[in-house]
Amino acid sequence: MSVGMDRPIAKSKWRSRPVLIGAAAAGVLVLGGLAFLALKGASARTLRVPATNVTIEAVSQGVFHDFTPLQGKVTPKDTQYLDALEGGQVQAILAQAGDRVAAGQPLLRFHNSQVERDVLQGEAAASQSLTLAQTYQTTLETQRASNERQLDQIDYDIVRLKRALDRRKGYDGQGVFPQEQLDQYKDELDFDQKQRPVQAETNKRQDESRKAQLPVIKQEIERLQETMSKARARLDDLVVKAPIAGRLTVFDLKIGQNAKPGDRLAELVPDTGFKVSADVDEYYLSRVKPGQTAVADFDGHELKLKTTRVFPQVKNGVFTIDLAFDGAQPQGLTTGAAVQGRLSLGGDQPALLLPAGAFLERSGGDYAFVLDKGGHRADRRRIKLGRRNSEQVEVLSGLQPGERVITSDYEGYEKLDRIELK
């Protein structure tokens with residue numbers, strides 16, 4: 001072997017280790033990134049849905065029409081309720097539901113033996129007391145007249161006796177008139193003159209007492225007469241009469257049927273016109289006020305209405321309002337006729353809008369599934385909505401004009417993060 005020949009020098013295994021370590025580290029990073037991406041994809045709760053199964057609407061700038069739909073019916077403006085005052089057993093029915101009746105017209109008659117007995121006994125007792133009071137009143141008046149006559153008689157006798165004595169003065173001592181007669185006239189005159197102030201004082205005191213008692217007696221007589229009238233009125237109440245003119249809408253009684261005091265007997269609708277009673281979603285309770293206007297369709301004609309009363313009680317998710325006709329009341333209105341329309345809640349304003357859809361019920365307007373640009377998937381996104389009506393929703397944040405949103409029902413989507421459209 002030649003000494004100068006070149007020999008290949010073997011590479012040390014320790015010099016190649018850093019390279020291997022770097023390569024291994026890079027591999028770990030790549031694998032970690034892939035694992036992270038895989039985990040991320042797994043954490044996104046995704047559902048594949050046929051595109052034909054969902055409704056997609058676009059966000060756009062427009063004018064928000066601030067209204068809520070109305071579902072109402074025509075009802076009488078006023079209703080008069082007839083309740084039993086005395087009650088009893090129905091003896092006769094004198095009208096039928098649907099009849100037009102005049103004020104004061106008898107509608108039915110009750111039989112109530114207890115009321116009849118009470119009335120007779122009450123009238124008898126009141127009549128006896130009334131007779132006693134009137135008799136005492138008459139006695140006081142008779143006594144007053146008697147006292148005045150007695151005083152008048154004394155005055156008359158004094159005048160008569162004075163004249164008799166004056167005529168006889170010129171014949172004193174001549175024996176023309178008996179002395180006994182003259183003494184009698186003087187005695188009588190003296191007695192009457194003494195009696196007069198006594199009688200006058202007696203008359204005065206009795207008259208003062210009479211005047212004090214007369215108002216009390218009069219009030220007692222009036223009270224007793226009123227008692228007798230009320231007693232007779234109880235008998236009159238056994239005949240139920242129409243308090244006003246109108247049409248009987250509810251009147252369902254049978255001969256022999258019993259009714260207690262306070263029982264509802266009938267409903268009477270006067271000729272004061274109609275109103276519209278409508279149900280409104282409870283979402284609008286704080287925004288509906290008296291005076292707001294509405295339009296409705298009835299028999300092919302547009303009606304103008306105005307809110308007159310808001311009932312705040314919520315039942316089955318709705319509350320009730322009353323609306324009056326703004327202008328002439330249309331012809332042909334009947335109780336119970338259906339009315340559909342819109343109630344205006346305020347002025348129309350420019351806004352970012354999204355068509356209303358079933359998604360609002362389950363999402364509460366807090367989130368929506370927004371499509372990507374390709375339209376192949378929709379990601380869950382937090383949004384904030386404002387006013388809404390049956391057609392539009394006002395978008396306050398979370399969406400931009402031109403973006404498309406799934407607006408159909410989100411049933412089964414509540415826990416999803418993404419929807420892939422097939």
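Each value in this text was obtained by applying a stated rule to the coordinates, not by laboratory testing. Just so we're clear, the structure is a prediction, and the values are computed from it rather than from any experiment. Here the Cβ is made from the backbone with ideal geometry for all residues, glycine too, and neighbour counts use every protein chain on show.
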Taking R0 as 22 Å and r as the Cβ-Cβ distance between residue 373 and residue 422, the FRET efficiency 1/(1 + (r/R0)^6), rounded to the nearest 0.05, comes to 0.80
Residue 167 versus residue 272, label points 7 Å from Cα toward the beta carbon: distance in nm? 8.4 nm
Between residue 384 and residue 344, how high is the FRET efficiency from 1/(1 + (r/R0)^6) when r is the Cβ-Cβ distance and R₀ = 25 Å? Nearest 0.05. 0.55
Select one label from (i) 1.14; (ii) 1.55; (iii) 0.96: the one whose number is Rg/Rh (Cα atoms, Kirkwood Rh) as derived from the coordinates shown. (ii)
Across segment 260-397, how many lysine pairs, 8 or more apart or on two chains, come within less than 20 Å at their alpha-carbon atoms? 6
Taking the chain as a Gaussian network, Cα atoms linked when under 10 Å apart, which of 347, 262, 374 shows the biggest mean-square fluctuation? 374
For segment 76-90, 3J(HN,Hα) per residue [Karplus equation, 6.51 cos²θ - 1.76 cosθ + 1.60, θ = phi - 60°, Hz, x = Gly/Pro]: x, 5, 10, 9, 9, 9, 10, 10, 6, 8, 10, x, x, 9, 5
For residue 241, which sequence-distant residues (separation of 5 or more, or a different chain) have an amide H within less than 5 Å of its own amide H, given hydrogens modelled in the peptide plane? 107
Select from 165, 367, 283 the residue farthest towards the positive end of the dipole of the chain; place +1 on Cβ of Lys and Arg, -1 on Cβ of Asp and Glu, and compute about the Cα centre. 367
Show me, for segment 397-407, the HN-Hα J-couplings you get by feeding each phi into the Karplus relation (A = 6.51, B = -1.76, C = 1.60, θ = phi - 60°), rounded to Hz, glycine and proline as x. 6, x, 9, 10, x, x, 5, 10, 10, 6, 10
Gaussian network model of the chain, Cα within-10 Å springs - most flexible of 401, 197, 355: 197
How far apart, in nm, are two points set 7 Å out from the Cα along the Cα-to-Cβ line at residue 181 and at residue 366? 13.1 nm
Pop a pseudo-label 7 angstrom from the Cα along the beta-carbon direction at both residue 56 and residue 329 and give the gap in nm to one decimal. 5.4 nm
Counting pairs on different chains as well as pairs 8 or more places apart, how many Lys pairs in segment 113-236 have Cα atoms under 20 Å apart? 6
Give the calculated FRET efficiency between residue 99 and residue 260 to the nearest 0.05, with a Förster radius of 25 Å applied to their Cβ-Cβ distance. 0.50
